[in-house]
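Only one structure is covered here, and it is reproduced in the block below.
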Amino acid sequence: MGAQDPFGKSKTATQHQSEVDEGNIRLAGPISSYEQDVIMPMLNQMVWNNQQFMSYPKVVRQLGAIGLQWQDRTTIAPEDLIGRFLVQPLASHRLLTKQTQVQQLVNILDRAPIINQMYGPQAVKMPKLLAMILEQGFDVRNVDDFISLPTEDGNLLTAMREQELWYHGNVPPVRSDDNQMRHAFAHQEELKEDRFEMLDQNNPQVAAKARAHVAEHMDRIAMIQELQEGMLMQASQQGAMQQSMGGGGGGGGESPVAGAGGPEQEAGSPKVRRNENQRGEGGPKSEAMKNAPNQGAQ
């Protein structure tokens with residue numbers, strides 16, 4: 001880049017990069033067709049060949065965040081593996097094209113405040129755009145751990161939807177944006193239903209996960225309550241300290257603020273003196289200043 005062109009015409013690094021980008025765009029179509037029609041069928045055939053090595057059902061263990069939990073053994077049959085593998089070829093032109101696209105998205109993110117100021121606060125959804133840049137450009141898969149996405153983008157589920165998923169063999173994880181109190185109460189009532197008792201009999205593994213799901217909701221509620229109690233305790237301690245520092249020197253009717261009325265003084269005290277007579281300045285004025293707009297002028 002930036003070197004002398006072999007054909008005698010010098011090019012800058014920007015011109016050279018632009019030509020490379022244009023070449024990548026022209027090659028993107030043929031390479032994509034080659035991947036779709038040749039590479040992906042070959043990879044799928046390799047997956048099918050690997051599935052043939054599993055002829056009998058096997059028992060596997062599920063590992064949770066804190067080790068083995070409840071009914072952690074699951075039987076996997078050969079037919080359970082069919083269609084469960086996704087092959088995706090990765091070519092060099094996609095990497096270069098991705099770099100260009102990510103740079104363009106970053107430029108939009110830099111101009112998003114001005115765009116939102118001109119066309120409305122939701123013209124560019126900045127948290128969602130930032131999450132998309134991190135996911136597609138940098139392959140970050142846990143974006144929701146450190147970026148607060150809007151509710152409609154966070155795939156939040158109501159308590160009713162979560163309970164319906166239980167009976168289809170799926171127990172979704174607890175999210176930090178869930179209404180913990182409402183979910184916990186609704187789930188506790190659902191545990192008393194007859195259909196959950198049937199689920200416990202037919203599929204105890206899913207029922208155990210559902211109980212653990214409810215327990216996690218209760219744990220988060222207890223954690224929030226303890227945090228709130230700690231904050232209230234700190235606020236009360238700070239208030240008591242300020243009161244002891246400000247009002248410890250006078251009597252019960254005095255105020256720690258100089259010139260302000262205390263709790264035992266009348267509503268009109270202290271009064272504001274608005275003329276010179278109340279200040280003891282009722283002396284005669286000069287002839288030139290009798291008609292002055294300022295009453296305090298002598």
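So what's the net charge close to Glu197: Lys and Arg +1, Asp and Glu -1, counting the other residues with Cβ under 15 Å from its Cβ? Before the final figure, lay out each step's value.
Details: positive: Lys192, Arg195, Arg211; negative: Glu189, Glu190, Glu193, Asp194, Asp200.
Every neighbour counted, the sum reads -2.
With each label modelled as a point 7 angstrom along the Cα→C-beta vector, the Ala112-Val140 pair spans 1.2 nm. Once the mean of 1/r is taken over each pair of separate Cα atoms and inverted, the stretch 159-236 shows a Kirkwood hydrodynamic radius of 13.5 Å.
Any idea what the dipole of the stretch 159-236 comes to, in debye rounded to 20, about its Cα centre with Lys/Arg Cβ at +1 and Asp/Glu Cβ at -1? It would help to have the intermediate numbers written out before the result.
Details: 8 positive and 14 negative charges, 27 e Å.
About 120 debye.
Where a number appears in this text, it was derived from the coordinates with a stated rule and is not lab data. Everything numeric here is computed off the predicted structure, so don't read it as measured data. With ideal geometry, Cβ positions are generated from the backbone for all residues, glycine too; neighbour counts draw on all protein chains shown.
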